[in-house]
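One structure below.
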Amino acid sequence: MANITKKVSWSSRGDESGGGERTPLLNGSEEVRYTRQVGLLSGEGGMFHIGRLSTVDLEEDMTSDESSQGHHVSMSSIDGVKVCVCVFQSLDYDNSENQLFLEEERRMSFLGFKCLEISRWVICGLIGFLTGLIACCIDIAVENLAGVKYYVVKQNIEKFTEVGGLSISLILWAVLNSAFVMVGAVIVAFFEPGAAGSGIPQIKCYLNGVKIPRVVRLKTLVVKVCGVICSVAGGLAVGKEGPMIHSGAVVAAGVSQGRSTSLKKDFKIFEYFRRDTEKRDFVSAGAAAGVSAAFGAPVGGVLFSLEEGASFWNQMLTWRIFFASMISTFTLNFFLSIYNNKPGDLSSPGLINFGRFESDSVAYNLYEIPLFIVMGAAGGLLGALFNILNYWLTIFRIRYVHRPCLQVMEAMLVAAVTATVSFAMIYFSNDCQPLGPDQSEDYPLQLFCADGEYNSMATAFFNTPERSVRSLFHNPPGSYNPLTLSLFTLTYFFLACWTYGLTVSAGVFIPSLLIGAAWGRLFGILLAAITPNGSVWAVPGKYALMGAAAQLGGIVRMTLSLTVIMVEATGNVTYGLPIMLVLLTAKIVGDYFVEGLYDIHIKLQSVPFLHLEAPATSHWLTAREVMGAPVTCFNRIEKVGTIVDVLSNTSTNHNGFPVIVPVLGKICGLILRSQLIVLLKHKVFVELARSRLTQRKLQLKDFRDAYPRFPPIQSIHVSQDERECMMDLTEFMNPTPYTVPQETSLPRVFKLFRALGLRHLVVVDSENRVVGLVTRKDLARYHLGKHGLEEMQLAQT
Amino acid sequence: MYIFQVTALLIALLYYGNAQTSTVAVNPTILGSELSADGLKQLAAIVAPQSPVFHPSRGSYFSLNLLSAFPEDLEVSDYCVELLAIFGQRYSTYVNCLVSAARPVKVCQNCYGSYDNLMDIYTNISSDQMGPGNVSCRDSLLRSDRLMLVFLLYNNMEDIWTGSECNSCVSLGLHSLTNDTLYFMATLNQSLRCFEKFQQGNHSALCKECKATYRGLNELYSRMEKNRTLCIDIEDSMNMTRRLWSKNFNCSFPRAENVPVIAVSSFMLFLPIIFYLSSFLHSEQKKRKLIHPKRAKSNTSLVNIQDRLS
């Protein structure tokens, strides 16, 4: 049953005028189907293997297909693996240069353009400010909640160490953890599932041009912020850095629109920016501001946006994004300094503070570089292992743990188990260290240690992850013994792997850093032990940093931006080279086994994501084979009834319609569903315009007011009389859509999509007649698998 | 003349900058006063000995002795020499005291008196009040040369004093120990006496009998820690006592409840297994509707593909 007997269906319908974006055909009659067993091809280096996992339950697939003759919708138990899902719409980054647009541009004065430019800067400043403020709130809330929790548990443990009954402390800890996590999971699972996880995959998709439903809503932001506070305070193996990036992006999307649809409040400002292109620019600024607030790394933030959303880019935008980043880290800094009663002291730039590596002992030498590379390779291996385990776990979750109440229960269980494992580790640890004079341990637990000493395992487990990372980096040599570290690494690795993908909002940065820092420090200690005078140069803190970089690089596979983020977060430029080498090695080694964690999750969500390049061996595919055809087209002057029928056909949820010259069939424009809906809503009919001469002319503003939540076609009432009216689309359609000839190769089409951020690409023949339409999903279906080019199935929901 | 004055002023300013960076600990008000025109002249005079002409004379004590005396205004006055001698005396007293009180640490309680004396004489030297004969020893003793030995010596002692945080144990005028410290010492002695009493024989008796006093001591210590009234003496004695208690007498808490902890932990670890198993068995798998997209007339393309493959 391996990868054989996978049907590939090719279908076409002569009479149907459907087409456009997605084309499930429901009531066809003269259906021509070509069904073929790909198994035949596999011997010949087959092209259409749809991965192993998607071939489960083939029997069912067959029967349902047979029972629904002419009905190209079949049920299958494919779990988001190698499937493209139709709920995802594309964003429209290509500006529609219709007549309204040209008119508006004509009306706008030189001063108006200047004002726009200035307001872009103002918005970027606002984005930075608000993102920094949110980061500050998260930080303070987490500090306090976790502080209260650890204080209570600590008091309890101290009490029960003396009189006996430590299992009660264990239960208390587990219950507190679960309670926090329950709150976090409930709001995510029941109110806004889009806020789950770190949000980086979603933002990656958004910048790539996929409109993930509800990803940049105010509600998502609120749930995200509350959720991350709960999950970090709940002691899960998570960080608050990833969600910051999502929060920044939501802030950007909200601020740049000058209104909140959720709150039904319109400030009547920034109306010009109410379209996808402008919004995307601001969202990339928001993501950068988020990174910058999370790590205190403004340049890293800019590079993150560049690396993750680089299909569009210009220099002025870079400069603006940098501005937003700087403002964000400055704001966080400023408000934290006020909170810490040191107003004006701007020395805590990020949510996570790696502390400073400044003394002479942390300098590195040439002979250490091979060691760093070895660490990078180890990080790549461990990262790949992490990703594979998480991949399996996520598939299991998608299949079996998909009901919200189950998801909440799972999160609570993970929280309880995390507390239990931590407690058991601390309880059975014999590693006692003397209390330092500077009280670097925030919640020292004595337990069975001698008076004046603390349990060293507790510094790693009985603490928020950020602080654990910092103590691994900076505690003096000898603060941890190797056994403690190896046990910690092992448990935390599995805990973190288990935690990522739960229905709570939580990031993976900090746990990765923590795992890496633990084994890196272990490496440093062992190195110092086995080499003569190793204790002089093998400073554990330095190796902890390299280990952290390696592990993080091995899991998320970011390159340039991660290097800069690490360099900025440590504030030490001299570590640039080793960190770069470590990340490079980690990426190479990791990519050999499996892709990065974010890409895995993007794939599992079945998002039509366009990677940097088209699949390597796809030049033989032409637009003709890729495109959807035939296409639903409209005439330049179309009957309202036809339009309403096409739009309300639930089975063909098309979004873009080529406009053609009647009879000849030559293309003369492209119109979007959203535009048509606005037109229908305002009843822009030829007859009405004729009878009512005073009618206000529709402006671009009317389209913008409806953006981004255009009403569904069902909410628009069109009377029987009106159905007979005609609608003139000339003024509103995009008169110059991009078109390609049928013979264009897939990579060429791909490049157009990627570089221009297209949504629809019309395929025309030599007579300029519309023959097909290529959309993002048609391209994203193809990917390079183990056996050459593979094609994915499309699925609803 | 005017030009000369300006040059002198500039040199003086330069030197002033240097002096300020190197003698941070010197009373800032004194430095501030030097900004007056009067002070500037004085500074210009100080610049002179630093100039290369005088360099060879800095070599050794011998060569200095061989030279005939410096002109009047550069020589150190008798009064200052006297002060210096007293400084040396008190300095060695203090250092002796420190060394003898090094282990177990008693530097604050034993040596605060001699430190007080040392501080007095140094204040005397560094004050800008004129002594008899209208001489100030501040400049001649403290800042006439690159090494600034007197300042350096005193500075070291001051560092030791601040490092040991003796100020929190000694009353403000350095005349006596604070009441807190005395009280702590008393409590400590109480504990130690108790230890001594039960030292013979079974330690478990000691753990039981001395627990109250020891805990009282511990609580007092943590209170003092919070108030920041700890000095090295108290910290060290507390450390020793704790080590006695935990290591020598073995009175720390035993790890006694392995069984309940293991039981509760394994129960907790068992829960997710049940959860996943039950959701695996009971929850129905999510189904997906597959859609087969329309493609262009595929006869040709299918043939094409097969052609290309073969």
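The values are calculated or read from the model by the stated rules, or taken from the named source; none is laboratory data. These numbers come from a predicted model, not from an experiment. Note: ideal-geometry Cβ built from the backbone for every residue, glycine included; neighbour counts use all protein chains shown. Heads up: the accessible areas ignore ligands, DNA and RNA and are worked out on the full protein's heavy atoms, side chains in. Shrake-Rupley method; radii C 1.70, N 1.55, O 1.52, S 1.80 Å.
Each Lys and Arg adds +1 at its Cβ and each Asp and Glu adds -1 at its Cβ; summed about the Cα centre, segment B:76-168 shows a dipole of about 280 debye.
Let me have the relative contact order for chain A, percent, based on Cα pairs under 8 Å that are six or more residues apart.
Values: 1571 pairs, mean separation 155.4, N = 797.
Over chain A, the number comes to 19 percent.
When trypsin sites (Lys or Arg not before Pro) are flagged only if DSSP places them in a loop and at most 12 other Cβ atoms lie within 10 Å, the longest unflagged stretch of chain A comes out as A:269-691. Pairs of Cα atoms nearer than 8 Å and 6+ residues apart set the relative contact order; for segment B:76-168 it is 27 percent. For chain A, excluding the exposed loop sites themselves (GluC sites (Glu not before Pro), DSSP loop, at most 13 other Cβ atoms within 10 Å), the longest remaining stretch covers A:98-357. A straight chain from residue A:613 to residue A:108 at 0.36 nm per residue would run longer than the Cα-Cα distance by 177.9 nm.
Based on alpha-carbon centroids, what's the gap between segment A:215-248 and segment A:525-555 in Å, whole number please? Segment A:215-248 and segment A:525-555 have Cα centres separated by 32 Å. Spin-label model, residue B:174/residue A:536: points 7 Å from Cα along the beta carbon direction are separated by 4.1 nm. Simple rule: put +1 on each Lys or Arg Cβ and -1 on each Asp or Glu Cβ in segment B:76-168, find the dipole, and look at B:83, B:98, B:162; the Cα lying farthest toward the positive end is B:98. Heavy-atom accessible surface of residue A:585, to the nearest 10 Å², is about 30 Å², with a 1.4 Å probe and all protein chains retained.
Relative to one another, the C-alpha centroids of segment A:453-509 and segment B:182-226 are positioned 36 Å apart. From the square roots a ≥ b ≥ c of the eigenvalues of the alpha-carbon gyration tensor of segment B:76-168, which class results: rounded (a/c under 1.5), prolate (a/b over b/c), or oblate? It comes out prolate by the Cα gyration axes. Each Cα pair under 8 Å and six or more residues apart adds its separation to the average, and for segment B:179-248 the resulting relative contact order is 38 percent. Would you calculate the separation in nanometres between label points at residue A:691 and residue A:315, each defined as 7 Å from the Cα along the Cα-to-beta-carbon direction? Label at residue A:691, label at residue A:315, 5.8 nm between them.
Simple spin-label estimate for residue A:702 and residue B:223 gives 8.0 nm between the two label positions (7 Å along the Cα-to-Cβ direction from each Cα). Centre-to-centre, using Cα atoms only, segment B:133-181 and segment A:283-358 are separated by 46 Å. Taking a ≥ b ≥ c as the square roots of the eigenvalues of the Cα gyration tensor, an a/c ratio of 1.5 or more together with a/b no larger than b/c marks segment A:387-426 as oblate. Comparing A:284, A:303, A:540 along the charge dipole axis of chain A, the residue lying farthest to the positive side is A:284, per the Cβ-charge model. Spread over its residues, the convex hull of the C-alpha atoms of chain A is 181 Å³ per residue.
Buried accessible area for the B:A pair, summed, 1.4 Å probe, in Å² rounded to 100? Kindly include the intermediate steps, with their values, before the conclusion.
On the way: alone 22410 and 32500 Å², together 48460 Å².
Accessible area lost upon association: around 6500 Å².
With helices defined as uninterrupted DSSP H runs, which ones in chain A have an alpha carbon span along their own long axis of at least 18 Å and mean Kyte-Doolittle hydropathy of at least -0.5? Numbers along the way, then the final one.
Working: long enough: A:110-163 (80 Å, 0.93); A:166-186 (30 Å, 2.09); A:218-233 (23 Å, 1.89); A:241-255 (21 Å, 0.94); A:276-295 (28 Å, 0.14); A:315-339 (36 Å, 1.05); A:369-400 (46 Å, 1.31); A:404-428 (36 Å, 1.58); A:482-499 (25 Å, 1.35); A:509-530 (31 Å, 1.85); A:540-556 (24 Å, 0.79); A:576-593 (26 Å, 1.52).
Long hydrophobic helices here: A:110-163, A:166-186, A:218-233, A:241-255, A:276-295, A:315-339, A:369-400, A:404-428, A:482-499, A:509-530, A:540-556, A:576-593.
Per-residue ellipticity at 222 nm for chain A, helices alone: DSSP H runs ≥ 4 residues times -39500 (n - 2.57), over residue total, nearest 500 deg cm²/dmol?
Numbers: 30 runs with 420 residues, N = 797.
Mean residue ellipticity at 222 nm (helix-derived): -17000 deg cm²/dmol.
Remark: C-alpha extents of segment B:179-248 on the principal axes read 38, 20, 16 Å, sorted largest to smallest. Legend: calculated FRET efficiency, residue B:207 to residue B:239, from the Cβ-Cβ distance at R0 = 25 Å, rounded to 0.05, equals 0.85.
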